[in-house]
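Student: Below: one structure in structure tokens.
All of the numbers you see were taken from the coordinates with simple rules; none came from a lab. Remember, predicted model here, so these are calculated numbers, not experimental data. Backbone-built Cβ (ideal geometry, glycine too); neighbour counts: all protein chains shown.
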Amino acid sequence: MKRLACSLLIALFISATALAVPRHRFFGSNQTSGVTSLHHLANVLGIEVSREHVKHVLRQEAKAHRSPNSIILINTARKLGLELLEQNLNYTHLQLLETPAIVPLKQAFDAENPSTNAITLGNFIVVEEATEKWVRIFGTPQHATHGTATVIPRDRFLELWNGQTLKPLYVLPSEARQLLAHIMTGTEAYKAKLKSGVIEFSITLSQATDEPLPAEAGTYMENGHQYEETGYWHITYQFDGERRFYDVKTRHKMTFHGQSLEGWQETHRQYRLLRSILHLWEKVGTEWKKYPPQKVSPRFLKPHFNPHWWSWPLWNLRLIDLFRFFKPVDVQHVNVGNSPHYLLTGRRTGPVDSDIEIWLDPEKDYCPTRVRMHNRSILGTAPVEVPGEPPKPIPLETDYTLTRYTYQIEKFKPGIWFPKTVTREVSFSTTDENQHPLPTLRKTVMHVHRAIFNIPIAEEDLGRVSDMAKPRDK
């Protein structure tokens, strides 16, 4: 009987162990290749981090998101200050990499791991060097905990490599990572302060032009350019948690992004956004016309109607999304007019290469005081093909766009820092990006007339959901 009981206990223990399979294939023994590979790559690139910390961060990321293993590894690396780019490469491209890279395998290197107790989960390794005949790798189970690399034949590597690579893009220095952590912590604390509020502001859009202006256009001169006032928006924005209300009065002959309209147009609309349901009214003459409620994306409304679009983080993005778009490449202390600032530099590569510089004032809730964004894009127009003649090369043209934001930050009740004025200028050139100054094509000024935060917002001030037929006049 005792033998039977012991046998049952052993069977139950073995069954429980077998069934306790992690959701993601990263964890098992100390020789887990996902953790080992990321820890080794971070240390090679100068990021001092313990293996246990890597394991903890990766475990939290795996529990929080049901994503492919490579995505979880990329997100974990980002939290360690390392940006990885997933690419499909051939072996020649792998040889040309200047830094080690993590590569996923179709299966583990079983032949290189004679120990039956070593468990490799995730099938990731670090390729330190690739030559015509051999590959030096780090992360096989046999050597995972010993800090040594293995040299294997090229053909053996190609049998198991799936062609994907997680290539490091940049590594922030240790001091820059600490400053970036301060920025992220300070930004989250600032956003947590903004629980409710009323902001009354205006947006004025003007376009530089050399053409004769219509008699009804308001014009002014600045920096030697003649401007036409092509758009004016007066907006009262109220928010409380997920509830949003916009009262928008518009007079424009051009959209916010510069698309021309025929003649001047004047509209008065009110928007109530509750979660994903939009209620819309439009004033026609002296009467209000109500449109049927509709389900929309949270970004359905013009983003610049929301004053947070003009604040920090930029464009009303989450900070993590902003840093995914522009990868931080440097963070440093600077002085601006004897005031300590953080200068955050970001970069984005692709069809359009972009660099961004953001000056943040930590003494004013990390609000920006200046932003410079420089885009470079190469465009080409195919020439007309003539039958019988060889095709002509496509002439390429490089466009340079410089966007500048200048902020005046003030403290509003009850002690909340927020932009009082934001000036956005867009310059453009096809000749020389170092031309100074670049000709300004478009200028936009956002000006806050009144703002108060963290006050009770009555339901009737946001439009009554039960009876929204007639909004209040403003």
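Student: Using θ = phi - 60° and the Karplus curve 6.51 cos²θ - 1.76 cosθ + 1.60, what whole-Hz ³J(HN,Hα) does each residue of the stretch 281-288 get, with Gly and Pro shown as x?
Tutor: 10, 9, 8, 10, x, 9, 10, 9
Student: Could you tell me the relative contact order of the stretch 46-104? Use alpha-carbon pairs under 8 Å, at least six residues apart, and round to a whole percent.
Tutor: Once divided by the residue count of the stretch 46-104, the mean separation gives 29 percent.
Student: Further, regarding this structure: By average Cβ neighbour count within 10 Å, what is the ranking of 181-190, 38-47 from highest down?
Tutor: Ranking, from highest mean packing down: 38-47, 181-190.
Student: Points 7 angstrom from Cα along the Cβ direction at H56 and T250: gap in nanometres?
Tutor: My value for the distance between the label points is 5.1 nm.
Student: Just order 60-67, 365-372 by mean Cβ neighbour count inside 10 Å, highest at the front, would you?
Tutor: In descending order of packing, they fall as 365-372, 60-67.
Student: Going Cα to Cα from K63, which lysines come in below 18 Å? Please leave out same-chain ones fewer than 8 positions away.
Tutor: K55, K79
Student: To continue, here is another question. In this model, which of K193/K249; K249/K289; K411/K443; K253/K443 are farther than 18 Å apart at the alpha-carbon?
Tutor: Beyond 18 Å between Cα atoms: K193/K249; K411/K443.
Student: Which of the peptides 446-458, 400-412 is most tightly packed, and how do the rest follow, judged by the mean count of other Cβ atoms within 10 Å per residue?
Tutor: Highest-to-lowest ranking by the protection proxy: 400-412, 446-458.
Student: What is the gain in length, in nm to one decimal, between E188 and K79 on full extension, counting 0.36 nm per residue of separation less the C-alpha to C-alpha distance?
Tutor: 37.7 nm
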